Amino acid sequence: MYRPPPFFFDDGDDTELTWRIANFNYTALPDGKFNIRFGHFEIPFGLEQNLDTNGTLRQYTFSDRGVKADWGISFNGILTNLDYEIALTRGSGNEIKSQGNPYIFSGRLGTPSHENFVVGLSWFYGDVLGGSGITERKRLGLDFAYYYHNWELLMEVSGGQTEQVDTVNLLMEVSWRSALEGLHLYAQWKNSQLKPDNDWEAGDDFFAGLRWFPSSNFEVSTQFIKQIDLVKQQEKPTLLTLQIRLRI
């Protein structure tokens, strides 16, 4: 079964050049305390800020934000008790477009990412340009990560509005890595809710994935997805995806 491209692609043309990460992070102060990043980078928000999932099946960005990576500038750094990144971006995603004057002001403040327990506070505010024009989006989020030996527990909760429609998202994940990190297993649950009228509408996504790294530049991944629309009590098609990545 064909699955449409992720929301952060502008359209379904799979022959078009798609920007992923293309930025320069200038170190303005020693020890990485203050840096200036400019170019195309992931919006600093939630778990994805510390977990590199770019181009992989395992993802944390909810589609209701309308964008995953954007063109712009950010100020970021690592202090004694704080990691931070604050960004102002164009709001048009993979391409730089000024139609409707889109923009996104976003950021994340968190405890050091190398600790066993990590907490972060994020925000996302702006007018995002999509296929249907400009959409006003506001989000506040909290994320948590706990590491115990080979185990990893992750959680993210966010809430806000999309064009005055209330929305709430919740994500939880448990994963395990082998001692040499050649094998990674994970199970993830996403719950998305919105309130267009007087009643809340919701849907659940369940993920189970495996990542295998036979060498440093070769990866094989597979992911099972089960989707349920809680409002209509309707199960969507079950998906099984396989991905092979070779780094040159």
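The values are calculated or read from the model by the stated rules, or taken from the named source; none is laboratory data. Predicted model, so just to flag it, every value in this text is computed and none were measured. Neighbour counts run over all protein chains shown; Cβ positions are idealised from the backbone, glycine included. The accessibility values were calculated without ligands, DNA or RNA, using every heavy atom of the protein model including side chains. Shrake-Rupley method; radii C 1.70, N 1.55, O 1.52, S 1.80 Å.
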Worksheet entry | Rounded percent of accessible protein surface that carbon and sulfur make up, the chain, 1.4 Å probe | 59
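Please report the relative contact order for the chain, taking Cα pairs under 8 Å with a sequence separation of at least 6, and give it as a percent rounded to a whole number.
Values: 616 pairs, mean separation 27.1, N = 248.
Taking the mean separation of contacting Cα pairs over the length of the chain, I get 11 percent.
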Worksheet entry | Which listed pairs, of 68/97; 33/190; 68/226, have C-alpha distances above 27 Å, in listed order | 33/190
Discussion item. If exposed means no more than 10 neighbouring beta carbons inside 10 Å and the site is in a DSSP loop, what's the longest run of the chain without any exposed trypsin sites (Lys or Arg not before Pro)?
Written reply: 1-231
Worksheet item: What are the semi-axes of the equivalent ellipsoid of segment 54-107, taken as the square roots of 5 times the eigenvalues of the Cα gyration tensor, listed largest first and rounded to whole Å?
Response: 22, 17, 9
Response to the item:
Rh_Kirkwood(the chain) over Cα pairs, Å, one decimal, evaluates to 19.3
Fill in: Residue-normalised accessible area of the chain, expressed per residue, 1.4 Å probe, Å²
55
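Work out, step by step, the length gained on full extension between residue 80 and residue 183: first 0.36 nm times the residue separation, then minus their alpha carbon distance; give nm to one decimal. Don't skip to the answer; put the middle values down first.
Values: separation 103, 0.36 × 103 = 37.08 nm, distance 3.21 nm.
Gain on stretching residue 80 to residue 183: 33.9 nm.
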